[in-house]
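Everything on this sheet refers to the single structure shown next.
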Amino acid sequence: MAYRAHVIISGDPQQAQPVTVALLDEIGLLGLSNEIEVLAATDLTVATPSIEAIVYPDGVHYRDLTPDNARLVATEHLLKGRPVQNLMVQEQAVEPLDEPSTKEVRVVLRNVGVINPESIDDYIAQDGYAALGKVLTEMTPDGVLAELKTSALRGRGGAGFPAWMKWTFARNAPGDQKYVVCNGDEGDPGAFMNRRVLEGDPHSVLEGMAIAAYVIGATQGYLYVRAEYPIAIRTLRVAIEQAREYGLLGKDIFGTGFCFDLEVRMGAGAFVCGEETALMESVQGNRGQPRTRPPFPATSGLWGKPTNINNVETYANVPQILLNGGAWFAAMGTEKSKGTKTFAIAGKVKRTGLIEVPLGITVREIVYDVGGGVLNDKAFKAVQTGGPLGGCIPEKHLDMPVDYESLASVGSAMGSGGFIVMDEETCMVDMARFFMEFAQEESCGKCVPCRVGTRKMLDILEAICAGKGKPGDIEALETLGRSVKIGSLCGLGQGAPNPVLSMIENFREEYEAHIYDKRCPAKVCRALIEYKIDPETCIGCTRCARNCPVNAITGIARQPHVIDPEICIRCGICAQVCPVNAVSVE
Amino acid sequence: MEDVLATTDGIIDVHGADQEALVEILREVNEVSGHLSREQMQRIASRLSLPLSKVYSVASFYSLISLEPLGKHVVRFCQDAPCHVVGGQQVWEALEHELGIPFGATSLDGEWSLLTTSCIGACAVGPVMMVDSDIHGNLDPQKVREIIARYRGEERSGGIV
């Protein structure tokens, strides 16, 4: 069918979906379904993080689309032929940004945004399932392991354990039934790399899992994906169905007699389920609480059977390694950390979004070359990697290479790929309190060091932020932190003190300022700051007084206004609405 | 009540009356009914041949499963670090103020529930919140007021706002 016009919607799929649905609905209501085709492009260049659309053949470019104004575009532009001026991209309105960095190398993300994720043919056209075919028809399991060993691929879930060793343990473990599991419970705040792989190139993960199954001798696999990723789950289910139809999953794959099938399991909202043994408990229908290790999953995993578990990114690397050879993969990266890694850049940086870079790239290159630098050109303070279980990298380590060992050596961690940039306006005590609150809430409660230790650490941090810190608090945090790390059962408790410990190590003076001077240098902690209106600058427009939620601001129109510090709750709305920047923080 | 239990039975039939499917069954029943009642948990326990205490222990573990009835609209605000760094605190307070309820609560008229969510992976456009199943990003206090007003307006459409 020939269409009169095409609308290409781009942007993050989770945000774009309601816009697409609204647009399709309106097009249907207007009776234009046979004339206009709506296509989705999962654009990765997120220079302007909004939902955008281009209408062809006109070439009109819309931005900041919501379901409501998508309907407007349908009635005005698509039906009546009148482009909606105020939604169009204005040249001067777009912040000029440099070209995307050439320092990126896409292996895992090579198909994301390029192919239609719901078409197995698209994936096959990009050499999809060629690696599985090669493995099943030409290679022995030991041959695959040798290639993986050459590649030196390490687990991308954070711990960095060599994939070939994990697979070997599961292969050598005795057992009539074995399982392959993919950890898609990407719960680290600020990390959404795996979501985009699952949404954009699901077959690469299925293929990697099938290869792992062949190597260890498994016939059944489970993909555990958090329920917060509905589009990833839908895409995966479509992909599995298509792979079954093509005989790439199921019985007698490629006519070799090899059988392997997959099932998607959804989480129900528990961060700790990203821990491998907790995940398996959840798959079995239990509370997601970690098990004591050993035994490790390779010998006793799902239902006590030998199980290989890797994360999404690890599996997605496997087909590429087997097609191009382990040596090709090992040519990228550093001596001990090979290949590429995806990161989700967020926080105070100009270009937020998803990137893939060779390991060994410096922190500076990621922040400034790939990320475009600190937002509003403020001063760089630190980067948090490894999420709530990682640590911060201060300015003095900006030129440090990003690899497993270097990050660990400064008290941080690779983690799954969160990369949160913090600037001079970020308070390191507040951040530590924040991460500890997260860990405390997500602690499953099974072991005492984590359950009680995180609570005690949080209490101290909350007191410091509230201006009630006392001498000895910093030392208490350090002692407690070490105990929680040593004593906890799983990675959550062992990692929970990391943000606090690394922030104390690198920004001790900020902690001291809070405790001894009752001062928050970044002007964030409410109890230690005060909002003031400069009477010289204030024009008496009354806007702040009208917007103040607690009526703490008084003054007559066209006269300088005053904030009552006793009533003020330090919400900062007055500073946001002031047209002349007369409100300052002290 | 009979309807609710019939729905519960239907969901169990789809997944099979296996302990293995417990998390999926609980999540789906919760999704359809808005929350999990004691009667529903009892039905699930008897169908799966599990003690009620086991069903309760699993149901109470996961944050997406609610044991209390929620409001007509559910706001889930992302409380994680990337959203916090870019001004989440102000948005958080604006939400409490706008809806007149603290976090974790449901308004007395049953219209709104204000909850937090773990990271929904939309960090590039933080601060982020979900209202029912819609994701709203790049929030600030002003935008929060507008969005909430829009959901309120929908219900009053036709009337005088």
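The values are calculated or read from the model by the stated rules, or taken from the named source; none is laboratory data. Since this is a predicted model, take the numbers as computed values, not measurements. Note that we place each Cβ from the backbone using ideal geometry, even for glycine, and neighbour counts take in every protein chain shown. For the accessible areas, the whole protein counts, side chains as well, though only heavy atoms, and no ligand, DNA or RNA atoms are used. Shrake-Rupley method; radii C 1.70, N 1.55, O 1.52, S 1.80 Å.
Within segment B:17-32, which residues are of a type outside the set (A, V, I, L, M, F, W, C) and open to solvent by 50 Å² or more (accessible area, probe 1.4 Å)?
B:18, B:19, B:20, B:28, B:31
With the condition kept exactly as written, say whether any residue in segment A:218-240 is open to solvent by 10 Å² or more (accessible area, probe 1.4 Å), farther than 23 Å from residue A:185 by Cα and not aromatic (Phe, Trp, Tyr).
Scanning segment A:218-240, I find no residue that is open to solvent by 10 Å² or more (accessible area, probe 1.4 Å), farther than 23 Å from residue A:185 by Cα and not aromatic (Phe, Trp, Tyr), so the answer is no.
Give segment A:318-328 a look and list any residue that's assigned to a helix (DSSP H, G or I) and either surrounded by fewer than 24 Cβ atoms within 10 Å (Cβ to Cβ) or modelled with pLDDT under 95 (or both), or say none. Before the answer, list the steps.
Pass one, segment A:318-328, residues assigned to a helix (DSSP H, G or I): A:318-324, A:326-328.
Matches in segment A:318-328: A:320, A:323, A:324, A:326, A:327, A:328.
Of the residues A:450, A:444, only one is crowded, with 22+ Cβ neighbours inside 10 Å, in contact (Cβ under 8 Å) with a residue 24 or more places away in the chain and out of contact with any Ser or Thr (no Cβ under 9 Å at 6 or more places or on another chain); which?
Numbers: A:450 fails: out of contact with any Ser or Thr (no Cβ under 9 Å at 6 or more places or on another chain).
From the options A:450, A:444, the qualifying one is A:444.
Take segment A:329-346 and flag every residue that is open to solvent by less than 10 Å² (accessible area, probe 1.4 Å) and either in a strand (DSSP E or B) or of a type in the set (Val, Ile, Thr) (or both). Talk me through it step by step, then tell me what you get.
So in segment A:329-346, the residues open to solvent by less than 10 Å² (accessible area, probe 1.4 Å) come out as A:329, A:337, A:339-346.
The answer is A:340, A:341, A:342, A:343, A:344, A:345, A:346.
Could you check segment A:453-505 and list, in sequence order, the residues that are of a type in the set (S, T, N, Q) and open to solvent by 50 Å² or more (accessible area, probe 1.4 Å)?
Step one: list which residues in segment A:453-505 are of a type in the set (S, T, N, Q), which gives A:454, A:479, A:483, A:488, A:494, A:498, A:502.
Correct list: A:479, A:483, A:494.
Within segment A:260-288, count every residue that is touching a Leu at 6+ places or on another chain (Cβ under 9 Å), more than 7 Å from chain B (Cβ to nearest Cβ), under 24 Å from residue A:389 (Cα atoms) and open to solvent by 10 Å² or more (accessible area, probe 1.4 Å).
Result for segment A:260-288: 2.
So, in segment A:421-435, how many residues would count as being within 27 Å of residue A:479 (Cβ to Cβ), within 11 Å of chain B (Cβ to nearest Cβ) and in contact (Cβ under 8 Å) with a residue 40 or more places away in the chain?
To start, the set of residues in segment A:421-435 that are within 27 Å of residue A:479 (Cβ to Cβ) comprises A:422, A:426-435.
Next cut, within 11 Å of chain B (Cβ to nearest Cβ) only: A:422, A:426-427, A:430-435.
This time we only want the ones that are in contact (Cβ under 8 Å) with a residue 40 or more places away in the chain, so: A:422, A:426-427, A:430-432, A:435.
Residues in segment A:421-435 being within 27 Å of residue A:479 (Cβ to Cβ), within 11 Å of chain B (Cβ to nearest Cβ) and in contact (Cβ under 8 Å) with a residue 40 or more places away in the chain: 7 in total.
Do we find that residue A:408 is more than 11 Å from every other protein chain (Cβ to nearest Cβ), within 16 Å of residue A:506 (Cα to Cα) and in a loop (DSSP other than H, G, I, E, B) in this structure? It would help to see each step written out before you state the result.
Details: more than 11 Å from every other protein chain (Cβ to nearest Cβ): yes; within 16 Å of residue A:506 (Cα to Cα): yes; in a loop (DSSP other than H, G, I, E, B): no.
Considered against the rule, which asks whether it is more than 11 Å from every other protein chain (Cβ to nearest Cβ), within 16 Å of residue A:506 (Cα to Cα) and in a loop (DSSP other than H, G, I, E, B), residue A:408 comes out as no.
Read through the list (1) within 9 Å of chain A (Cβ to nearest Cβ); (2) open to solvent by 20 Å² or more (accessible area, probe 1.4 Å); (3) free of Cβ contacts under 8 Å to residues at least 24 places away in the same chain, then give the number of the only condition that residue B:14 fails.
(1)
Contact list please: Cβ distance under 8 Å, first residue in segment A:257-275 and more than 22 Å from residue B:59 (Cβ to Cβ), second residue small (Gly, Ala, Ser) and open to solvent by 10 Å² or more (accessible area, probe 1.4 Å), pairs at least six apart or on different chains.
Pairs that qualify, where the first residue is more than 22 Å from residue B:59 (Cβ to Cβ) and the partner is small (Gly, Ala, Ser) and open to solvent by 10 Å² or more (accessible area, probe 1.4 Å), are A:259/A:250; A:260/A:250; A:261/A:250.
Return a yes/no flag: does segment A:63-80 have any residue that is in a strand (DSSP E or B), at pLDDT 85 or above and not assigned by TED's automatic domain parsing to the domain that holds residue A:375. Quick ask: steps written out before the conclusion?
Looking only at segment A:63-80, we keep the residues that are in a strand (DSSP E or B), and these are none.
No: zero hits.
Return a yes/no flag: does segment A:200-216 have any residue that is closer than 20 Å to residue A:318 by Cα, modelled with pLDDT of 95 or more, among the hydroxyl-bearing types (Ser, Thr, Tyr) and not assigned by TED's automatic domain parsing to the domain that holds residue A:344.
So the first thing to find is which residues in segment A:200-216 are closer than 20 Å to residue A:318 by Cα, and the list is A:200-216.
Cutting the leftovers down to modelled with pLDDT of 95 or more gives us A:201-216.
When the remaining residues are screened for being among the hydroxyl-bearing types (Ser, Thr, Tyr), the result is A:204, A:214.
Then drop every residue that is not not assigned by TED's automatic domain parsing to the domain that holds residue A:344, which leaves A:204, A:214.
Yes: segment A:200-216 contains one or more residues that are closer than 20 Å to residue A:318 by Cα, modelled with pLDDT of 95 or more, among the hydroxyl-bearing types (Ser, Thr, Tyr) and not assigned by TED's automatic domain parsing to the domain that holds residue A:344.
In segment A:515-532, how many are open to solvent by less than 60 Å² (accessible area, probe 1.4 Å) and more than 21 Å from residue B:87 (Cα to Cα)?
Qualifying residue count, segment A:515-532: 1.
Are there helices (runs of 4 or more DSSP H) fully within segment B:64-157 with at least 2 residues that are more than 8 Å from chain A (Cβ to nearest Cβ)? List them. Give the steps one after another, and end with the answer.
Working: elements: B:81-85, B:88-99, B:141-156.
Per the criteria, B:88-99, B:141-156.
Which of the residues that make up segment A:135-155 are in contact with a strand residue (DSSP E or B) (Cβ under 9 Å, 6 or more places away or on another chain) and either assigned to a helix (DSSP H, G or I) or within 14 Å of residue A:212 (Cβ to Cβ) (or both)?
As a first pass, look at segment A:135-155 and keep what is in contact with a strand residue (DSSP E or B) (Cβ under 9 Å, 6 or more places away or on another chain): A:136, A:148-149, A:151-155.
Listed by number, the residues that qualify are A:136, A:148, A:149, A:151, A:153, A:155.
Can you tell me which residue within segment B:90-100, out of those that are open to solvent by less than 60 Å² (accessible area, probe 1.4 Å) and touching a helix residue (DSSP H, G or I) at 6+ places or on another chain (Cβ under 9 Å), is nearest to residue A:426 (Cα to Cα)?
Checked segment B:90-100; the qualifying residue nearest to residue A:426 (Cα to Cα) is B:90.
Residues are listed down the side, and each one gets a yes or a no for (1) of a type outside the set (Gly, Ala, Ser); (2) more than 14 Å from every other protein chain (Cβ to nearest Cβ); (3) under 28 Å from residue B:118 (Cβ atoms):
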position	(1), (2), (3)
A:325	no, yes, no
A:334	yes, yes, no
A:349	yes, no, yes
A:357	yes, yes, yes
A:360	no, yes, no
A:391	no, no, yes
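From the residues in segment A:397-414 that are more than 14 Å from residue A:337 (Cβ to Cβ) and free of Cβ contacts under 8 Å to residues at least 40 places away in the same chain, which one is most open to solvent (accessible area, probe 1.4 Å)?
For segment A:397-414, the residue satisfying everything is A:399.
Output the number of the condition that residue A:574 fails; it satisfies all remaining conditions of (1) surrounded by fewer than 13 Cβ atoms within 10 Å (Cβ to Cβ); (2) within 14 Å of another protein chain (Cβ to nearest Cβ).
(1)
Would you be able to say whether some residue in segment A:540-550 is at pLDDT below 90, under 36 Å from the mean Cα position of the chain (by Cα), open to solvent by 50 Å² or more (accessible area, probe 1.4 Å) and within 13 Å of another protein chain (Cβ to nearest Cβ)?
Within segment A:540-550, none of the residues are at pLDDT below 90, under 36 Å from the mean Cα position of the chain (by Cα), open to solvent by 50 Å² or more (accessible area, probe 1.4 Å) and within 13 Å of another protein chain (Cβ to nearest Cβ).
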